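Just below is one structure, and these are the notes that go with it.
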Amino acid sequence: MKMDVGFLLVAVILLCSGASTKGDSFTINVNTNGSYSIAVQGNVWLQSAPTFVRVNKQVFSTADGSLKLLETTGTSGSDFIGKWQATNFLYQASTCRFLASIYVYTPDPSIFSYNNPPEQFLLFKQTYLTQTNATQAPSVDETIAGFPGFVVEEATAPLGYMSYGGDMYGDSSKAFGQFGPKMKITSGIRSGPLAIFDRVKTANTLILSPASTFMAANLWYQTSSTGNNLYWGIMGGVSDITPGFETSTILFYSNQGINKGFVSWGQILQKMYERDNSFVKSDFTNNYLGYWTDNGAYYYYNTEPQKNYQDTILDLAIAIKETGIPFRYLQFDSWWYYKGVGDGVKTWESTPEVFPNGMQWLYNKTGLPISAHNRYWASDTTYAKQNGGKYAFLVENNKALPIDQTFWDDLISNGRKWGLLTYEQDWLNVEFADVPSLTYDAYLGEMWLNQMGRGAAKNGVTIQYCMANSRHLLQGISIPTVTQARASGDYHPGTQQWRIGVTSVFARAIGIAPFKDNFWTTTVQPGSPYKGAQEPYTELNAVVATLSTGPVGPSDMIGKFNKTIIMKSVNSDGLILKPSRPATAIDNMIRRLAWDDFEGPDGEVWSTYSDFGGNNKYGIVLAADLQGSYNMTPCMAGFQGFPNSMVFSAKDPNKVQLLTDPQPLLLSGCTMVDFCLYYVSPVIPFGGHQVLIQGELDKWVPMSPQRVVDITVDSSDIIVRIAGASNEQVFFWFNTDGVSQRVGCFVDETGFTSISYEQMGCPEA
Ligand SMILES: *[C@@H]1O[C@H](CO)[C@@H](O)[C@H](O)[C@H]1NC(C)=O
Ligand SMILES: *[C@@H]1O[C@H](CO)[C@@H](O)[C@H](O)[C@H]1NC(C)=O
Ligand SMILES: *[C@@H]1O[C@H](CO)[C@@H](O)[C@H](O)[C@H]1NC(C)=O
Ligand SMILES: *[C@@H]1O[C@H](CO)[C@@H](O)[C@H](O)[C@H]1NC(C)=O
């Protein structure tokens, strides 16, 4: 990160009285004695907790004066994020010096995609100025210093919280509730970003998370008899700190609600680390239909009767050809490689029992590239020098950690020979927690993920994270080959892991696509490994996967593919017809999760859209497992700034209604089997009529940027230019004054055609 211009290089102004900086409805009050508070709309939301630093196995804190404030200074400057003003508290603990700084940033508006971008955000920075030893906390889940810190107390006006935590993108231990002493925030190495919000119409929202040294940073939720505090800092296992070491925490305020707050927070972090989104955009497995064999899949540690995996895969390849379903790659899960101590991976090569003729032979036969699973390394891995291998590894407990760039380069390069496209690194949380050095060393975790990322980049391979904590994903912002990550627990037919709408808020913000995992498209599949489990929600799983913008991966047994369902996600080449950004839980759904009595939907209500620039914005609303009904305005859906639009149900495109704040959409009867799917199209006044482009209604996303390349409206015609597979037949709907009409067109050999509303056809063809 390039933010630190160096506080010593700029003018130092001694602050003699309290400094206060006002943003729109957001104020930080900083006192020269080291305390600070955050106010929103004039109400104090957060009051600082004592700053502390651990040195020589002791805690030095401002609470008892053992952490001595030597000097408070003011500095200012600017960098590629924006202009900043900082207050710096210079502390002394024993013989060590520690700087705690509060940077008030006025970010460059070009960072943000929204109008009225946030005027300010805060960066809390810790800098160790001297060698500081024996800093370890009693637990890795604590922090070795606490700054910023906030007292957890009931605010005068009730505040809610949402905290990400645990694995699967911070999904597994996410929590919601009223901000206060009874919170259930996940603390320590499994912690994640925290949002705090109020109950007003458009939620005022604060978002707090680490802003650097992501693999080493913790949120510590300190609970004690004398009171509870929230602290950010370096994880408790780290013991010796070298001079100049820095870590920082971002506090972002949004007056545009939770979803938009996260987007802007994510845009700042993406800017800080110059995230390159080109890998996500071009990623083959994010863009094309794949066939999956991971947990929940029919062929997860399960082959056809009396056949090995090789013959099962060959049969699958034949079935794929025969059905004409455009699966473009195969995912091989943990069943294919050698296991060692503690069930870790010993050698990442196929066993002769699984593929007697080898991976390359199989790849040559099927022609289908591979997304390949991997897990934590076993202590007896054959790659480690300790075991006679070629590469440097740390071997600790029963696990191993590669610490050698050439290892990753070679491993992934070798995979290219058998069709490796996406390297799936699973068990990230377990590798992190079980290799002690990863929690003792402030740099090792980052090095591990960076080496993996570079190895992939050198070979044109992308990476999927699985069982990743929030720290892995935040680190992934600076690793462009990390393009996708699992966002909920493992799939099993009939279970509820499709509920990724809340986690997708985080995923959308940082630009690493959320993955729903595999799913069945046929309810009953005899002989599966799941003891007669059934999937009653085939369509719901398919629509969720498609709206995620991550991989779409059915996992049916041969003969049980439902082609009708699968083809609703893709074009005839297998290109996923997805929206512009992941579908996310609407703000009021999140607030209803925090407060039972909040007037939000009691169930899943998500929204997304396709944005073709200008007024060409096409919304999508998905509601499922919704108790009772819910009236949703365009603002609640996050459709502020959309043009005059109408909404209609996927089931009945003839029944259109205006969607405005006074005329909301009534969502009711939205179950998991019979979910509600609505589309929103701008009203186009044309020849005295009201025309809607409804798009390809036989797909989940009727107006996808993967299909529609241009929309031209003038007084003579409405022309929609589309892309597709050569000779693909595409059906497209227009609605005139409430009546829908279907046009069928063939894409030409170059992969394009234009659909004319006036002619209800494709004049070029
Ligand atoms: C610091 O100053 C503020 C404002 O004067 C005061 O409210 C607070 O109690 C002081 N804190 C300490 C630890 O002295
Ligand atoms: C701190 O630890 C470092 C590295 O472990 C060591 O070289 C140094 O002597 C120690 N310094 C003090 C003051 O104990
Ligand atoms: C696979 O095909 C490649 C390219 O044609 C060839 O070089 C290689 O020998 C084949 N491998 C196997 C195991 O058949
Ligand atoms: C495929 O799914 C659709 C939609 O759920 C259903 O109507 C149809 O009967 C299914 N087809 C088969 C062959 O099961």
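The values are calculated or read from the model by the stated rules, or taken from the named source; none is laboratory data. This is a predicted model, so every value here is computed, not measured. No Cβ is skipped: glycine too gets one built from the backbone with ideal geometry, and neighbour counts run over all protein chains shown.
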(request) Filter the stretch 367-410 for residues that are polar (S, T, N, Q) and part of a helix (DSSP H, G or I) and give the result. (result) Gln386, Asn387, Gln405, Thr406
(message) Checking the structure you have, find out if any residue of the stretch 692-709 is among the charged types (D, E, K, R) and more than 29 Å from the chain's Cα centre (by Cα).
(response) no
(request) Output the number of residues of the stretch 124-175 satisfying the condition of being in a strand (DSSP E or B) and more than 16 Å from ligand 2 (Cβ to nearest atom). (result) 18
(request) Would you check which residues across the stretch 592-602 are surrounded by 22 or more Cβ atoms within 10 Å (Cβ to Cβ) and either outside any loop (DSSP other than H, G, I, E, B) or within 21 Å of the chain's Cα centre (by Cα) (or both) and list them? (result) Arg592, Ala594
(request) Being buried (at least 23 other Cβ atoms within 10 Å of the Cβ), more than 23 Å from the chain's Cα centre (by Cα) and of a type in the set (Ser, Thr, Tyr) narrows it down to one of Tyr231, Tyr253, so name that one. (result) Tyr231
(request) Tell me, please, whether a residue that is among the polar types (S, T, N, Q), at pLDDT below 95, more than 16 Å from ligand 4 (Cβ to nearest atom) and over 30 Å from Leu316 (Cα atoms) can be found in the stretch 567-584. (result) no
(request) Check Asn357 against each of (1) over 23 Å from Trp427 (Cα atoms); (2) touching a helix residue (DSSP H, G or I) at 6+ places or on another chain (Cβ under 6 Å); (3) assigned to a loop (DSSP other than H, G, I, E, B); (4) within 16 Å of ligand 3 (Cβ to nearest atom) and name the one condition it does not meet. (result) (2)
(message) Can you tell me which residue is nearest to ligand 2 (Cβ to nearest atom) among those in the stretch 36-66 that are surrounded by fewer than 17 Cβ atoms within 10 Å (Cβ to Cβ) and farther than 20 Å from Arg97 by Cβ?
(response) Val44
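If you take the residues of the stretch 447-468 that are in contact with a Ser or Thr (Cβ under 7 Å, 6 or more places away or on another chain) and in a helix (DSSP H, G or I), which of them is farthest from Ser413 (Cα to Cα)?
Gly453
Tell me whether the stretch 463-473 contains one or more residues that are in contact (Cβ under 8 Å) with a residue 12 or more places away in the chain, touching a His at 6+ places or on another chain (Cβ under 6 Å) and either among the hydroxyl-bearing types (Ser, Thr, Tyr) or under 28 Å from Pro369 (Cβ atoms) (or both).
Scanning the stretch 463-473, I find at least one residue that is in contact (Cβ under 8 Å) with a residue 12 or more places away in the chain, touching a His at 6+ places or on another chain (Cβ under 6 Å) and either among the hydroxyl-bearing types (Ser, Thr, Tyr) or under 28 Å from Pro369 (Cβ atoms) (or both), so the answer is yes.
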(message) So, Ser78, is that one without any contact (Cβ under 8 Å) to a residue 12 or more places away in the chain and surrounded by fewer than 17 Cβ atoms within 10 Å (Cβ to Cβ) or not?
(response) no
(request) Go over the candidates Ile590, Ile586, Ile620, Ile566 one by one and state the one that is closer than 22 Å to Asp294 by Cα, among the β-branched types (Val, Ile, Thr) and more than 16 Å from ligand 2 (Cβ to nearest atom). (result) Ile566
(request) Considering only the stretch 738-765, state which residues are small (Gly, Ala, Ser) and either closer than 16 Å to Ile711 by Cβ or loosely packed, with under 13 Cβ neighbours inside 10 Å (or both). (result) Gly744, Ser754, Ser756, Ala765
(request) Report the residue count in the stretch 37-63 for those that are farther than 28 Å from Ala134 by Cα and either under 32 Å from the mean Cα position of the chain (by Cα) or modelled with pLDDT of 95 or more (or both). (result) 10
(message) So in the stretch 321-333, with the set limited to residues that are within 31 Å of the chain's Cα centre (by Cα) and not hydroxyl-bearing (Ser, Thr, Tyr), which one is farthest from Pro369 (Cα to Cα)?
(response) Ile325
(request) Would you confirm whether any residue within the stretch 411-426 is at pLDDT 95 or above and farther than 20 Å from Thr285 by Cα? (result) no
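This table checks each residue for (1) more than 21 Å from the chain's Cα centre (by Cα); (2) surrounded by fewer than 23 Cβ atoms within 10 Å (Cβ to Cβ); (3) within 16 Å of ligand 3 (Cβ to nearest atom).
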position: Tyr537; (1), (2), (3): yes, no, no
position: Ala545; (1), (2), (3): no, no, no
position: Ser548; (1), (2), (3): no, no, no
position: Gly553; (1), (2), (3): no, no, no
position: Ile558; (1), (2), (3): yes, yes, no
position: Thr564; (1), (2), (3): yes, yes, no
position: Ser580; (1), (2), (3): no, yes, no
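Given Ile370, Ile325, which one is within 16 Å of ligand 4 (Cβ to nearest atom) and aliphatic (A, V, I, L, M)?
Testing whether each residue is within 16 Å of ligand 4 (Cβ to nearest atom) and aliphatic (A, V, I, L, M) leaves just Ile325.
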(request) Of the conditions (1) assigned to a helix (DSSP H, G or I); (2) surrounded by fewer than 17 Cβ atoms within 10 Å (Cβ to Cβ); (3) not hydrophobic (A, V, I, L, M, F, W, C), Pro352 clears all except one; give me its number. (result) (1)
(request) Among the candidates Ser113, Ser101, single out the residue that is of a type in the set (S, T, N, Q) and in a loop (DSSP other than H, G, I, E, B). (result) Ser113
(request) Might you check whether a residue that is within 16 Å of ligand 3 (Cβ to nearest atom) and within 31 Å of the chain's Cα centre (by Cα) occurs anywhere in the stretch 420-435? (result) yes
(request) Could you grab me the full set of residues in the stretch 610-637 that are small (Gly, Ala, Ser) and either modelled with pLDDT under 95 or more than 24 Å from the chain's Cα centre (by Cα) (or both)? (result) Gly613, Gly614, Gly628, Ser629
(message) Quick test of your reading of the structure: Pro50 fulfils all but one of (1) over 14 Å from Gly146 (Cβ atoms); (2) within 16 Å of ligand 1 (Cβ to nearest atom); (3) outside any strand (DSSP E or B). Name the failing condition by number.
(response) (1)
(request) Take the stretch 469-509 and flag every residue that is surrounded by fewer than 24 Cβ atoms within 10 Å (Cβ to Cβ) and not in a loop (DSSP other than H, G, I, E, B). (result) Arg508
